[in-house]
Amino acid sequence: MISYEYDEACIEAFLEQQLKLFPEEVAQGYEEAEAFLEDCMAVVCDNQKEVIEYLEEEMDIAGMSQEEILEAEEVFPIGDGRYLIVEG
């Protein structure tokens, strides 16, 4: 189920991977990261299928493989099977 709730794992994944999407850090600590994710309405998806379904609605991903979609700069693997989608 898609969510807009950010637990510790989500925030840590964003802090570790934010340079994948942004040229410089946009958050340096837990509170900054949580505020940033809330401001940009980042989405937490429970699995790969939800990532693909969400991005099909929000972006033009026609012709992209599942691997390309999951490796997109907006998609952050959390490490527990979930994914964070941050639109910069």
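Could you pull out the residue among 78, 61 that is at pLDDT below 95, surrounded by 14 or more Cβ atoms within 10 Å (Cβ to Cβ) and in contact with a Leu (Cβ under 9 Å, 6 or more places away or on another chain)?
Residue meeting the stated conditions: 61.
Just checking, which of 9, 27 is free of Cβ contacts under 8 Å to residues at least 24 places away in the same chain and either of a type in the set (Asp, Glu) or open to solvent by less than 90 Å² (accessible area, probe 1.4 Å) (or both)?
Exactly one of 9, 27 is free of Cβ contacts under 8 Å to residues at least 24 places away in the same chain and either of a type in the set (Asp, Glu) or open to solvent by less than 90 Å² (accessible area, probe 1.4 Å) (or both), namely 27.
Take residue 24 and tell me if it is of a type in the set (Asp, Glu), in contact with a helix residue (DSSP H, G or I) (Cβ under 8 Å, 6 or more places away or on another chain) and outside any strand (DSSP E or B).
In short, no.
To keep it simple, each residue is scored yes or no on (1) touching a residue at least 12 places away in the same chain (Cβ under 8 Å); (2) of a type in the set (Ser, Thr, Tyr).
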residue	(1), (2)
22	yes, no
32	no, no
49	no, no
54	yes, yes
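So which pairs qualify, if the first residue must be in the range 65-88 and over 12 Å from residue 20 (Cβ atoms), the second must be aliphatic (A, V, I, L, M) and modelled with pLDDT under 95, the Cβ gap must be under 6 Å, and the two must be at least 6 apart or on different chains?
That search, which allows pairs on different chains as well, returns 69/61.
For the range 12-24, name all the residues that are among the aliphatic types (A, V, I, L, M) and exposed (fewer than 13 other Cβ atoms within 10 Å of the Cβ).
Of everything in the range 12-24, just one residue is among the aliphatic types (A, V, I, L, M) and exposed (fewer than 13 other Cβ atoms within 10 Å of the Cβ), namely 19.
Is one or more of the residues making up the range 34-41 open to solvent by 100 Å² or more (accessible area, probe 1.4 Å), in a helix (DSSP H, G or I) and touching a residue at least 12 places away in the same chain (Cβ under 8 Å)?
yes
I'd like to know if the range 45-54 contains one or more residues that are loosely packed, with under 14 Cβ neighbours inside 10 Å, on the phi > 0 side of the Ramachandran plot and of a type outside the set (Val, Ile, Thr).
no
The values are calculated or read from the model by the stated rules, or taken from the named source; none is laboratory data. Please read all numbers here as calculations on a predicted model, not as lab measurements. Note that we place each Cβ from the backbone using ideal geometry, even for glycine, and neighbour counts take in every protein chain shown. With ligands, DNA and RNA removed, areas are computed over all heavy atoms of the protein, side chains included. Shrake-Rupley method; radii C 1.70, N 1.55, O 1.52, S 1.80 Å.
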